[in-house]
Amino acid sequence: MKPFVYERAAEPAAAVATMARPGRVYLAGGTNLVDLMKLGVSAPEVVVDVGDLPYRDVETLPNGAVRAGALVSNSDLAAHPAVRERYPAVSLALLSGASGQLRNRATLGGNLLQRTRCRYFQDVTKACNKREPGAGCAAIEGEHRDLAILGASRQCVATNPSDLAVALSIMDAQVEFLGPHGPDRISVHDLYRRPGDRPDRDTNLPRGALVTGVVLPPLPMAAGSTYRKVRDRASFAFAAGSVAAALDVRDGTVRDVRIAWGGVAHLPWRAWAAERAMRGAPATVDTFERGADEELLAARPLPDNGWKVPLLRNLTVAVLRSMTEASW
Amino acid sequence: MRTTSDVTLHVNGRRQELRTDNRATLLDVLREELGLPGTKKGCDHGQCGACTVLLDGRRVNSCLILAVSVDAAAVTTVEGLNAGDGLHPVQEAFAEHDALQCGYCTPGQVCSAVGLLDELEQGWPSVLTGTGDVSAEDEIRERMSGNICRCGAYVNIVAAVAEAVGR
C-alpha cells in the first residue's frame, strides 16, 4: 500500500471543498476502500475520514418517508423498525449482503458507492477499462460467468455488487449528497449509469460529491416488498442474480408492480418493460412469464453467462408468484 | 507529508497510546505493536473472519479497518473476552463441543459468536428471520457465515454456538 496522509473531516462543506484537489478519497467504513488500497486498485495520497460527520440518524418524516444518514451501518439500517415494516425489501437486501462483521462496519453511503467485484478490476496485472481507461477489458474474453448480461458495453461488462441498490431501485429512492455547489439530490435511477465508453465512472455524481443520505419515499405497496438473491453458496457471496419486487394485486389484476434485478448489469436493473407488460393484466404465472420475457429481450449474454437469462426469468416468476399467493 | 498518526485505543480495558503508520490495520497493530497475537490474519481481505474482534462491542473484521480511523475506540480481542480467570462461556462451549481442528480460525469464530449473542439479544434480524421454516441451526449458519473454517469443523462449531445461545 502506498503511504498516504490521513485527515478527519470536521465539517461537511469543507471536506467537499478539498476534494477538488486530486488524489483524495473519502473513507467511511472502509470495508471496500481499504481492500482496494491493499490490492493497489486505489492509491490515494490523502484519505479523508468522514466518520465524524453528522449522518448517523434514521428518521421518519411526516409524510411517511424514511430518511437514513449515509453513515448508518448496514446492520442498523436493516434492523430499523420503520425500514423492516415499510420497506422490507431494503432490510432483506442489506441482510443478504456480506457478513455480520462487514455489515456492522459498512455504511449506507459506502454500500451505494462500492466498486465492482469483477476480478479483472481487482487485479492490477489485468486489463480493465474501469480501472485504467483505454486498457481494454480482459473479462469479455476471460472469466465472465458472474458478469453482466444487460446494458453492458464493449468496454465493460462489470456488475454493480450492491444488493441494497436493487431494493432502493424499486422504491424510487432519492440519494442526497453535498456537491461543490451545495446540497442536492439525485434519483437512484440517475445515480447509476451504464458503462458505455466511460466505464471508469460508476455514478453520475459530480466530482467530490459526498453522499449524505437516502430518502425512501412513501410507498404503501412497499410494505409487502421482498428481495431474493441467488448465489453460489447459501450465504456471504455476491449475487449470481437477484430480484427486488413489490406487487399490488386487486381483484386478481396486477394494479401495480415494481421489479429490479441485481448482479446482472452495471447498475441495479429496473425492469420497466416487464412492469409495463404486467400492469393491468391478470396476476397469473403466464403474465409474470410474459413480463419477464419482455424485459429479457434486452439481454445480451456473453458465451459463459447465458444461464443468467433463465435464472432471472424463473426467479422473477417465483418471487411474484409467492407474493401473489401470500396476498390471497 | 505526514504519513503516521498518534492513536489511542482501549484494548481489553487497557489504554494504549501509539504512533502508527496510517496504512496499518487494526489487525496489524494488535498483533505487531500491542503483543496480542490471538487475533489471526487469514485472508487479509475481510473474507475469512479470522481477524474478528469486537469494536465498541460489535464484531468487525480488524483487517479492513485502518487503526488511525478508530482512535479512542474500545477493542476486545480473544485475549480480553474473560475479565477474570478461566474461559468465556463461548470458549467453554467450543472446548466442550470440540469445535475446532487446527484452531487457527477459532479466535475469530469465538469473537464472532460473542458478537452474535449480543445481536440476538438486541433482536436484530438475519435474512432468514421470519421466513418460516428456519431451524436454530440454519440461523446460526447464516449469522456465522462471515467465519470460514478450512478444517471444516462447522458441525461442531454450530453445536457450540447453539449451546452458547441457549445458555
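Each reported figure results from applying straightforward, stated rules to the coordinates on display, with no laboratory input. From a predicted model like this one, the values you see are computed outputs, not experimental measurements. Every residue, glycine as well, gets a Cβ built from its backbone with ideal geometry; the counts of neighbours run over all protein chains shown.
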For chain B, the helices passing both cut-offs (Cα extent along own axis of 15 Å or more, Kyte-Doolittle mean at least -1.0, full DSSP H runs) are B:106-121, B:154-166
Protection proxy ranking, peptides A:57-70, A:109-122, average beta carbon neighbours within 10 Å, highest first: A:109-122, A:57-70
Only four residue types carry charge here, +1 at the Cβ of Lys and Arg and -1 at the Cβ of Asp and Glu. Report the dipole size of segment A:125-220 about the Cα centre in Debye, rounded to the nearest 20. 240 debye
Under 14 Å from the Cα of A:LYS308 - aspartates and glutamates, other chains or at least 8 residues apart: A:ASP146, A:ASP232, A:ASP293, A:GLU295
Mean separation of Cα contacts under 8 Å (at least 6 apart) over the residue count of chain A, i.e. the relative contact order in percent, is 17 percent
Relative to the longest principal axis of chain A, what angle (0 to 90°, nearest 10) does the C-alpha long axis of helix A:285-296 take? 40 degrees
Quote to one decimal, in nm, the extra length available between A:TRP307 and A:ALA237 on full extension: 0.36 nm per residue of separation minus the C-alpha distance between them. 23.4 nm
Once you average over the residues of B:38-50, how many Cβ atoms of partner chains fall within 10 Å of each Cβ? 2
Residue of B:CYS111, B:CYS149, B:CYS43 that the Gaussian network model of chain B assigns the largest fluctuation, springs spanning Cα pairs under 10 Å: B:CYS43
Segment A:211-328, relative contact order in percent, only Cα pairs under 8 angstrom and at least six apart counted: 20 percent
With an 8 Å Cα cut-off and a minimum separation of 6 or more residues, compute the relative contact order for segment A:1-160 in percent. 19 percent
Considering the dipole of the protein assembly as shown built from charges on the beta carbon (Lys and Arg +1, Asp and Glu -1) around the Cα centre, which of A:THR226, A:GLN155, B:CYS151 is farthest to its positive end? A:GLN155
Those aspartates and glutamates that a straight Cα-Cα span of less than 16 Å connects to B:LYS41, excepting residues fewer than 8 apart in one chain: A:ASP35, B:ASP28, B:GLU32, B:GLU33, B:GLU79
Just list whichever of A:LYS126/A:LYS229; A:LYS130/A:LYS229; A:LYS38/A:LYS126 have alpha carbons separated by over 24 Å in the model shown. A:LYS126/A:LYS229; A:LYS130/A:LYS229
Just want the answer: with Cβ charges of +1 for Lys and Arg and -1 for Asp and Glu, which residue in A:THR107, A:GLY179, A:SER96 is farthest toward the dipole's positive end in segment A:50-182? A:SER96
Can you give the extra length, in nm with one decimal, that the chain gains between A:GLU11 and A:GLU59 once fully stretched, where that is 0.36 nm per residue apart less the Cα-Cα distance? 15.2 nm
Enter the mean number of other protein chain beta carbons within 10 Å of the beta carbon of each residue in B:22-30, as an integer. 2
